[in-house]
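Taking it in order: structure first as structure tokens, then the write-up.
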Amino acid sequence: MSNEVASPIGKESKKTQGNRKILVVRIAGQVKNKIKDNETLKRLKLEKKFTSTLVEETDAIRMGMVRAVSHMVAFGSVTEEFIKELKKKRAGTTENIFHLHPPVGGFKKSSKVAAPKGILGKHEDISKLAGRML
């Protein structure tokens, strides 16, 4: 009977998190990359520098791919308002692929180091960085 009680709680948490989108921005270039990393970025449709895509947070396969190349991309959750602004300013030929500019004012932190000291990896303020790249 304990299994019956645990399953509704798990379903509720999935429903509340189901709407969250993760914005993934490629920061690293195309030179001196491992073949496996290039293939992963290609499958995420992040083939060029400053290309971004939206990934569902509940999609375990794509999120695993993002974590595998976290040393080359910056990612974090974004709001629906930011997604609307992104689609309005940078809508491309495909639905969830956006080609961004380099950030206005440059990167505030190192583009070669992970999140606390640099911009690579998971960010809480990815919308601020991507907003400067629109």
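No value in this document is a laboratory result; all are computed from the given coordinates. Because the structure is a prediction, the values reported are computed rather than measured. In this analysis, Cβ positions are derived from the backbone assuming ideal geometry, glycine residues included, and neighbour counts consider all displayed protein chains.
The table for this structure:
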{"quantity": "Per residue, the convex hull volume that the Cα atoms of the range 36-95 enclose (Å³)", "calculated": "93"}
{"quantity": "Positive dipole terminus of the range 15-88, leading residue within 77, 28, 53 (C-beta point charges)", "calculated": "28"}
{"quantity": "Sorted largest first, extent of the chain alpha carbons per principal axis (Å)", "calculated": "56, 34, 32"}
{"quantity": "Neighbour-limited loop hits for trypsin sites (Lys or Arg not before Pro), the range 66-111 (at most 16 other Cβ within 10 Å; DSSP other than H, G, I, E, B)", "calculated": "108, 109"}
{"quantity": "Dipole in debye (nearest 20) - the range 19-132, about Cα centre, beta carbon charges: Lys, Arg +1; Asp, Glu -1", "calculated": "460"}
{"quantity": "Nonlocal amide H pairs with residue 113, under 5 Å, H built at 1.01 Å", "calculated": "119, 120"}
{"quantity": "Over 26 Å between alpha carbons, listed pairs 48/89; 48/112; 49/109; 36/84; 87/117; 48/117", "calculated": "36/84; 87/117"}
{"quantity": "Structure-based [θ]222 nm, the chain - -39500 (n - 2.57) summed over DSSP H runs of at least 4, per residue, nearest 500", "calculated": "-11500 deg cm²/dmol"}
{"quantity": "Average Cα contact separation per residue, the chain, under 8 Å, 6 or more apart, as relative contact order %", "calculated": "26"}
{"quantity": "Proximal lysines to residue 42, defined as alpha-carbon separation beneath 17 angstrom and excluding residues fewer than eight positions away on the same chain", "calculated": "32, 34"}
